[in-house]
Amino acid sequence: MPHVTDYLQFVLAPQMLNGLALGVSVILVALGLTIIFGLLDVINMSHGEYYAIGAFGALALALAGVNYWLLIVLVPVLMVPLGVLVERFLIRRVYHGADRHVSTLLLTFGLALIFEDLLKIIFGPNTHRPENPIRGATEVLGVLIPTYRLFLIAIGAAVIVAVALVVYRTRLGAMVRAAAYDSNMAASLGVRIGWVYSGAFAFGVALAGLAGVLLAPVYSVFPTMGRDFILMAFTVVIVGGMGSIWGVVIAGIALTQVQAIASLIISPVWADPIVFGVMVLVLMFRPQGLFGRLGHA
Amino acid sequence: MRDRLEISMQANHGLFAALVTAGLIFGAVASATGDVFYLRLATEALILGGLALSVDILLGFTGLLSLGQALYFGIGAYVSALVLRAAPDFWLAIGAATGAALVAGIVGGLIANRVRGVYFALITFGMAQIVARVVYNTRELGASDGLIGVPVLEIPLGPVSFSADDPLGFFLLTFVIIGLLYGAVAYLLSTPFGRVIVALKANESRVPYLGYSAWAARMAAYVVAALVAGIAGALYPMLRGFVSPELMFFASSGNALIMVVVGGVGTLVGALYGAVVLTVLKSVIGSLTEHHLIVVGGIFIAAILFMPKGLMGLVRPAMMRWLLARAEARAPRSGAVRRTTQ
Amino acid sequence: MTDVLSLDGLSIAFGGLRAVDDVSFAVRERAVTTVIGPNGAGKTTLFNLISGALKPQAGRVTLSGRDVTGLSSAAMHRAGLARSFQITNLFSEMTVRENLRLAAQVLEPVSHALRPLRRRGRAADKVEALIDRFSLDAKVHEPAGALSHGEQRRLEIAMCLASEPQILMLDEPTQGMSHADTADTGQLIRDLAREVTILLIEHDIGLVMELSDHVVVMHQGRKLAEGGPAAIRADPQVQAAYFGQG
């Protein structure tokens with residue numbers, strides 16, 4: 001059955017590899033979302049905009065002549081103060097109100113509108129296509145794959161592992177998990193909760209920014225890019241379990257594969273409804289997601 | 001002696017009367033000056049106000065944050081457009097949209113009411129996204145273009161008949177329908193049934209020990225909200241002559257949420273004021289610059305931070321104090337109810 | 001005297017823990033029956049099983065001769081069983097009168113559910129009577145959350161009575177109360193016992209002995225003993241397990 005193996009080698013495998021590249025990027029965005037929810041209990045509706053800001057930041061700095069490899073470090077670092085400011089001066093103001101789920105969700109939603117429009121004002125509504133820093137293609141299993149996508153998968157995987165190690169294996173991570181489990185208890189043990197919250201929020205924002213830098217050469221850069229992307233990231237976080245890091249990784253890979261394969265077999269336009277359908281089903285039957293919450297499991 | 005909840009609803013009615021007065025004056029001035037643009041804008045604001053009203057039933061009274069209420073608005077709009085294209089009959093369109101919203105509300109309610117809190121918000125968001133994408137992909141529903149060419153409707157109302165193209169006539173009709181929706185919801189919330197809905201928001205876990213199923217009450221509130229959104233949506237193609245998948249997108253649901261928060265959560269009438277203020281604001285800013293989102297987002301955030309009771313919070317407390325004082329003056333002692341009923 | 005409520009082999013386990021294990025007893029009409037036992041004995045779990053908050057894994061609950069095992073909390077309430085909670089559980093943003101009105105509205109026929117709230121009739125009259133009886137006149141327009149702890153506990157009992165239940169289940173009604181308030185509550189329960197059957201969880205042993213017609217002792221999920229207050233006080237097993245701990 002030569003045509004079957006041809007299909008697997010030349011159609012399915014590259015599609016799955018593309019799905020993996022997207023998956024790694026979605027996971028980077030979703031990791032921030034899940035950490036912010038797990039720790040602060042905040043559904044960050046502006047998270048997609050940090051991804052867009054990261055991409056535009058990379059675009060602007062690249063135009064100013066900054067080397068791409070430096071951007072990968074510089075952009076996330078520059079995102080940190082933004083995250084700290086948003087957490088300290090906006091989220092914290094409504095955090096202790098009666099209905100903080102609702103008020104923080106609404107607040108970050110308002111922020112998303114403002115960020116999106118600011119990007120439009122500064123960069124215009126048009127789509128930009130940044131230069132690919134690694135051109136050419138590499139042969140994998142007899143198929144040519146753009147080298148940048150392979151690089152994206154590798155660096156994304158490295159960052160994901162690093163984040164997991166920080167959260168689960170370091171003293172800092174232990175403090176964060178303690179704060180997620182019981183903030184009062186953690187505070188009494190000397191954890192400075194305020195800084196943990198700011199730090200976690202900024203960390204999530206920086207990860208989204210990093211995803212923006214990494215994905216910019218693959219997908220186009222435009223002011224509303226965060227809107228589409230965040231839907232997928234939300235889905236991944238919900239399916240994986242709000243606040244679970246491993247859940248995000250597994251759900252991120254699984255769902256982007258579902259999307260990639262559904263695009264191939266059914267039609268790209270039906271891939272999104274299918275993925276959202278999975279999200280609704282998970283919410284109906286296992287709202288806590290497939291894996292437990294940060295600090296609780 | 002009246003309960004605070006009754007006083008609160010009375011204050012809403014007072015503010016609604018003010019809105020009606022302003023609407024009538026505006027209608028008179030607009031028709032005297034031959035204005036079309038602002039009449040149609042105000043009509044659109046009221047229709048969107050219906051969607052905001054639906055959001056407030058859930059957020060302000062039941063304690064449920066829906067991020068996908070535009071789903072029912074969109075269903076109402078699409079069903080109305082489909083009916084109007086096949087058989088241009090006002091009541092048929094409204095009836096079909098109501099029926100569709102009822103069925104969709106029950107199905108959506110069965111799905112969404114399995115979960116609470118943030119999960120409810122996310123599941124409503126997900127449901128709306130799925131349906132919006134399905135509509136977006138369905139050629140029979142016009143796909144991404146939506147349904148265009150909805151014929152101008154001749155609306156028979158008893159002895160008189162006017163065209164949906166008549167800006168003043170359709171503005172007044174919309175006002176009456178949205179007013180009836182407001183009245184019906186306000187009435188429902190003032191009944192024993194409504195008290196159970198309000199109790200859900202206050203303390204859902206206690207509701208079963210009053211003898212009521214919290215699930216059934218939540219379900220009822222959800223379906224009522226879907227109906228309100230669906231009926232408001234049915235008016236949309238009559239005004240604009242088309243419907244598009246954007247009506248169901250998160251931007252629509254989010255917009256309605258902004259209207260409610262800016263107007264005042266839990267006041268019903270605040271949703272309508274919020275809709276008018278935001279629609280007019282968007283139009284005015286839109287004529288100056290295309291960046292109205294930044295202004296809307298800024299106002300929204302300012303409302304959350306500094307005006308948690310919204311625009312209505314500026315006048316309602318004073319009105320309630322006055323109404324309470326008046327009620328006390330009529331019944332000097334709290335036990336007076338029994339004496340006055342002799 | 002007839003039994004209003006009877007429990008027959010009621011059991012539930014959480015994981016390996018047998019929280020309530022084969023508990024049977026009967027509650028006689030117009031009597032005060034009190035469940036006592038050390039913390040973790042399964043008293044509140046037992047209340048949750050009776051009131052429909054939890055479904056028993058085994059056993060039967062009979063209310064006025066009717067098998068009500070496994071009914072929902074709402075259905076149990078409508079069947080005539082009202083309960084209060086160990087931790088105050090009110091509609092704290094609503095006023096005292098609104099809380100009572102809400103609790104009393106089950107008295108009205110279901111066909112009134114979509115009619116305007118009536119200012120007279122059974123529910124409204126009940127509310128006014130309870131306001132008088134529980135001396136809440138001055139507070140009717142206060143949000144329940146603004147009341148003192150003692151007032152909140154009183155309001156809870158009033159709300160339970162508003163539905164005119166056959167049996168009133170009070171979970172530690174004197175919890176967190178001052179000495180004087182505890183004595184008042186004791187007096188209130190004594191008065192109530194003349195018109196309604198009462199099932200109580202209480203920690204204040206002095207109060208228990210003074211109030212109860214019948215005492216059930218629980219220990220590690222099981223019923224250790226039951227009987228009149230004097231018999232219970234004298235029971236060596238109870239003394240060992242309960243009084244003997246201090």
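The helix-based estimate of mean residue ellipticity at 222 nm for chain C, built from -39,500 (n - 2.57) per DSSP H run of four or more residues and divided by its residue count, is -9500 deg cm²/dmol to the nearest 500. With q set to 0.11, 0.16 Å⁻¹, the log10 of I(q)/I(0) for chain C, from the Debye formula over equal scatterers at the Cα positions, is -0.59, -1.19.
Would you work out the relative contact order for chain C, in percent, from Cα pairs under 8 angstrom that are 6 or more residues apart? Here the relative contact order equals 28 percent. Normalised Debye scattering of the range A:40-88 at q = 0.15, 0.22, 0.25 Å⁻¹ gives log10 I(q)/I(0) of -0.44, -0.80, -0.94, counting only Cα atoms as equal scatterers and leaving out solvent. Note: the range B:63-120, Cα convex hull, 71 Å³ per residue. Mean per-residue shielding of peptide B:284-295 is 3, counting Cβ atoms of other chains within 10 Å of each Cβ. Once a ≥ b ≥ c are taken as the square roots of the eigenvalues of the Cα gyration tensor of the range A:99-192, is the result rounded (a/c under 1.5), prolate (a/b larger than b/c) or oblate (a/b not larger than b/c)? Oblate, because a/c is 1.5 or more while a/b does not exceed b/c. Across q = 0.08, 0.09, 0.10, 0.15 Å⁻¹, chain A modelled as identical point scatterers on its alpha-carbon atoms has Debye log10 I(q)/I(0) values of -0.35, -0.44, -0.54, -1.19, in the order of the q list. In whole angstrom, how far apart do the alpha carbon centroids of the range A:77-106 and the range A:125-185 sit? Between the Cα centre of the range A:77-106 and that of the range A:125-185, the gap is 25 Å.
Based on DSSP H segments of at least four residues, each scored -39500 (n - 2.57), chain B has a per-residue ellipticity at 222 nm of -24500 deg cm²/dmol.
Working from Cα pairs under 8 Å separated by at least six residues, relative contact order for the range C:3-134 is 19 percent. Shape class for the protein assembly as shown, computed from the alpha carbon gyration tensor (a ≥ b ≥ c): oblate, with a/c not under 1.5 and a/b at or below b/c.
Per the Cα gyration tensor, chain B maps to an equivalent ellipsoid with semi-axes of 32, 25, 20 Å, ordered largest to smallest. Using C-alpha pairs under 8 Å with a sequence gap of at least 6, the mean separation divided by the residue count of chain B gives a relative contact order of 32 percent. Let me make sure I get this right: for the range C:90-164, a, b and c are the square roots of the gyration tensor eigenvalues over alpha carbons, sorted descending. Under 1.5 in a/c it's rounded, otherwise prolate if a/b > b/c, else oblate. Which is it? Here the range C:90-164 falls in the prolate category. Of all the options A:242, A:16, A:284, the one that moves most in a Gaussian network model of chain A with Cα springs shorter than 10 angstrom is A:284. Each residue of the range B:266-280 was assigned a 3J(HN,Hα) from its phi angle through the Karplus curve 6.51 cos²θ - 1.76 cosθ + 1.60 (θ = phi - 60°); the sequence is x, 10, 6, 5, x, 4, 5, 4, x, 5, 5, 4, 6, 5, 5 Hz, with glycine and proline shown as x.
Pairs of lysine residues in the protein assembly as shown that meet both criteria, 8 or more places apart or on different chains and Cα atoms under 30 Å apart, total 12. Residue exposure proxy: B:166, C:191, ordered by other Cβ atoms within 10 angstrom of their Cβ from fewest to most, comes out as C:191, B:166. Partner shielding of C:96-103 amounts to 5, given as the average count of beta-carbon atoms from other chains within 10 Å of each residue beta-carbon.
Just so you know, all these numbers are worked out from the coordinates, no wet-lab data involved. Predicted model, so just to flag it, every value in this text is computed and none were measured. Quick reminder, even Gly has a Cβ in these numbers, built from the backbone with ideal geometry, and neighbours come from all protein chains shown.
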